[in-house]
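Here the structure is laid out as structure tokens; the discussion comes afterwards.
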Amino acid sequence: MINHAVVVAIGNAAHQSKLTYNRPRAMLPALGKPLVVRVMDRLLRGGVRNYTVIVGEQEGAVAAFLNAHWVANATVDFVLQSTSQTLTQTLGEIARQHTEPFVLTSYNSFAHLNFADRLCRRFMSMPDVPLMLSGAGASLTESLFTRYAMLADSTTVRRIAPHQEGQAYILTDMSICGLPFIDYLAALPAADGGLLCADLASIYERYVNQGGSASIVPTSWSLQIDQDADLLTLQRHLLDEEQDGHLLSEIPPTVQVIPPVRIDPQVSIGQSARIGPYVYLESGCSIGEGAVVENALILNKVTVPAGTHVRDALVATRATIHV
């Protein structure tokens, strides 16, 4: 099985956010866990036990959290990407240190809970594939950065482009790098002077469109967290499909809870409030007496005043984002 994964946990400057003034994008919450941990949990289910996490100069909180809170039966190393480096250069450095295939993905790319395991198993049945990509039939979010993998046959990728042409899948970030692609990454920075590829899809696109060989494993859907509102979409999915709703704070008997709902520890809820459906209350927030919260994410340190109705929104201390 594939036993190593490289996870890019650096926020892309093109992904504008009003929620990252006090934490990196990779640490934004997905029902009690940071985004990067949700992605790594999926890889762990697929048997991956060794991780290299790429962090930037602003992502120290990612390393601190994983060192303190993640599972004991996995090893995590960190690679710091400085502001003077490109992602291509960083991946080249990592590739030069590895001679075995590895999973490559980002902190904000999601598919079915068991898809990572399926991708790894497919690669093990085709170990000579230089690059095994993943592609979705549909996306649960809208992204300005979507790329399509066009097929030459049922599994062979012939071209990657921003627009769909013929039989194609929506390209996702998760791939398995075989030895030929690892060699490509190792050589690319020296050959291209640190090619400016800001994301994984750009690297895959250049490789395939220059004649590199790649196959694709389909999944029914993908969920790319590019915009703040995408967190609500992920939240609904986790509550529906993975039944990840829990009530971990004491709730007054007059409070009405309409599932599915996730309430973290240390959340204060006033009398006669109504919570749900599709609500996540992060640890440290406070809901006033008689407030109504539905289809919403209320972040740490937010106080929802008594009698307030919050619907279809993400609420942080410095911003409210309606969807």
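The values are calculated or read from the model by the stated rules, or taken from the named source; none is laboratory data. These numbers were taken from a predicted model, which means no experiment stands behind them. Cβ atoms come from the backbone with ideal geometry, glycine included; neighbour counts cover every protein chain shown. Please note that ligands, DNA and RNA were not included when accessible areas were found on the heavy atoms of the full protein model with its side chains. Shrake-Rupley method; radii C 1.70, N 1.55, O 1.52, S 1.80 Å.
Tabulated results
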quantity: Per residue solvent-accessible surface (Å²) - the chain, probe of 1.4 Å; calculated: 43 Å²
quantity: Equivalent ellipsoid dimensions for the range 148-258 as semi-axes, Å, which come from the Cα gyration tensor, largest first; calculated: 39, 18, 13
quantity: Rh (Kirkwood; distinct C-alpha pairs) - the range 256-323, Å; calculated: 11.3 Å
quantity: From phi via Karplus (6.51, -1.76, 1.60), per-residue ³J(HN,Hα) for the range 128-143 in Hz, x at Gly/Pro; calculated: 8, 5, x, 8, 10, 8, 10, x, 10, x, 8, 10, 7, 10, 9, 10
quantity: Whole-percent carbon and sulfur share, accessible surface of the chain, 1.4 Å; calculated: 49 percent
quantity: Estimated 222 nm signal from helices in the chain, with DSSP H stretches of n ≥ 4 weighted -39500 (n - 2.57), rounded to 500; calculated: -7000 deg cm²/dmol
quantity: Rel. contact order, % - alpha carbon contacts under 8 angstrom, at least six apart, the range 235-323; calculated: 19 percent
quantity: Where Rh is the Kirkwood radius over Cα pairs, Rg/Rh for the range 206-312; calculated: 1.20
quantity: Centre separation in Å (Cα based) which lies between the range 1-61 and the range 288-323; calculated: 25 Å
quantity: Three-way shape label, the range 90-130, alpha-carbon gyration tensor, a/c 1.5; calculated: oblate
quantity: Three-way shape label, the chain, alpha-carbon gyration tensor, a/c 1.5; calculated: prolate
quantity: Part-to-part distance (alpha-carbon centres) for the range 91-166 and the range 201-215, which is given in Å; calculated: 10 Å
quantity: Which of Ala26, Ile275, Pro127, positive extreme of dipole for the chain (C-beta unit charges); calculated: Ile275
quantity: Length-normalised contact order for the range 1-142 - Cα pairs under 8 Å, 6+ apart - percent; calculated: 35 percent
quantity: Cα-Cα P(r), the range 85-239, percent of pairs per 5 Å interval; calculated: 2, 9, 19, 22, 21, 15, 9, 3, 0, 0
quantity: Protein-only accessible surface order, largest first, of Arg318, Arg274 at 1.4 Å; calculated: Arg318, Arg274
quantity: Taking only Cα atoms of the range 9-48, radius of gyration then Dmax in Å; calculated: 11.6, 35
quantity: Square roots of 5 times each gyration tensor eigenvalue, C-alpha, the range 1-125, largest first, Å; calculated: 23, 18, 13
